[in-house]
Structure formats: C-alpha cells, structure tokens
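Colleague: One structure follows; several queries about it will come next.
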Amino acid sequence: MAGIDLVQFVRTALLEGGLVLTPVLAAGFGVALVIGLLQSATGIHEPLVGMVPRLVVIMVMVLLTGGWMLERFVTLFQGSVLGP
C-alpha cells in the first residue's frame, strides 16, 4: 500500500466516522441544550438530572441508527481489505 493510499484511507475513515456519529451527537447536544435551559430556568443544578435524559436519548439513537452505522463501517472495512 502506497503512502497516498494510506492517506486517502485515513481521510475516508475519519469522514465516515464523523458521518456515522453525527446523528447521535446531534441528538445528545439537542437534549443537553434543552435540559440546560430547563435547569437554568428552574434553578435545579443536579448533574444527574442532566445526565440521565442524555444517556437515554443517546442509547435510543444508537438503537435506531445502529444497523446503518454497522453497515457503513462494514462497507468501509470491505473497501479497505478487498480494495477498490
């Protein structure tokens, strides 16, 4: 494998990883934003109140998009092992 191929593979892997994690991270960020606003409005500043909804939403998103994530990573792995 030439150096250019390795650079292209790493670039593709990083882009695929970012694309795959985007729905989960966006959902977690959205819930964190809403919970943060609610906590600041009500004055309840318990870390557990903010952590539990985020974990639940992230777990649900992983369950919903897990098949798609796995499919993308398998395609990337097959493309790297079998070649273009």
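Colleague: Being surrounded by 12 or more Cβ atoms within 10 Å (Cβ to Cβ) and within 20 Å of VAL74 (Cβ to Cβ) is the filter here; which residues of the stretch 9-55 pass it?
Modeller: Scanning the stretch 9-55 gives PHE9, THR12, ALA13, GLU16, GLY17, VAL20, LEU21, PRO23, VAL24.
Let's see how each residue does on (1) of a type in the set (Val, Ile, Thr); (2) assigned to a helix (DSSP H, G or I); (3) in contact (Cβ under 8 Å) with a residue 60 or more places away in the chain:
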residue	(1), (2), (3)
VAL24	yes, yes, no
VAL31	yes, yes, no
ILE35	yes, yes, no
LEU48	no, yes, no
MET51	no, yes, no
VAL56	yes, yes, no
GLY66	no, yes, no
ARG72	no, yes, no
LEU76	no, yes, yes
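Colleague: Here's something else I'd like to know. Restricting to the stretch 20-78, count the residues that are on the phi > 0 side of the Ramachandran plot and among the hydroxyl-bearing types (Ser, Thr, Tyr).
Modeller: 0
Colleague: Moving on to the next point. Can you pull out the residues in the stretch 10-52 that are modelled with pLDDT of 95 or more and touching a His at 6+ places or on another chain (Cβ under 9 Å)?
Modeller: Of everything in the stretch 10-52, nothing turns out to be modelled with pLDDT of 95 or more and touching a His at 6+ places or on another chain (Cβ under 9 Å).
Colleague: Residue check, THR75 against (1) farther than 19 Å from THR22 by Cβ; (2) surrounded by 11 or more Cβ atoms within 10 Å (Cβ to Cβ), all met but one. Which one?
Modeller: (1)
Colleague: Return only the number of the condition from (1) surrounded by fewer than 11 Cβ atoms within 10 Å (Cβ to Cβ); (2) touching a helix residue (DSSP H, G or I) at 6+ places or on another chain (Cβ under 7 Å) that VAL62 does not satisfy.
Modeller: (1)
Colleague: Here's a follow-up. Among the residues that make up the stretch 4-19, is at least one of them within 19 Å of MET59 (Cβ to Cβ) and part of a helix (DSSP H, G or I)? Outline the logic, then answer.
Modeller: Going through the stretch 4-19, the residues within 19 Å of MET59 (Cβ to Cβ) turn out to be none.
Checked the stretch 4-19: no residue is within 19 Å of MET59 (Cβ to Cβ) and part of a helix (DSSP H, G or I).
The values are calculated or read from the model by the stated rules, or taken from the named source; none is laboratory data. Computed from a predicted model, the values in this text were never measured in an experiment. For neighbour counting, all protein chains shown are included, and Cβ atoms are generated from backbone atoms with ideal geometry for every residue, glycine included.
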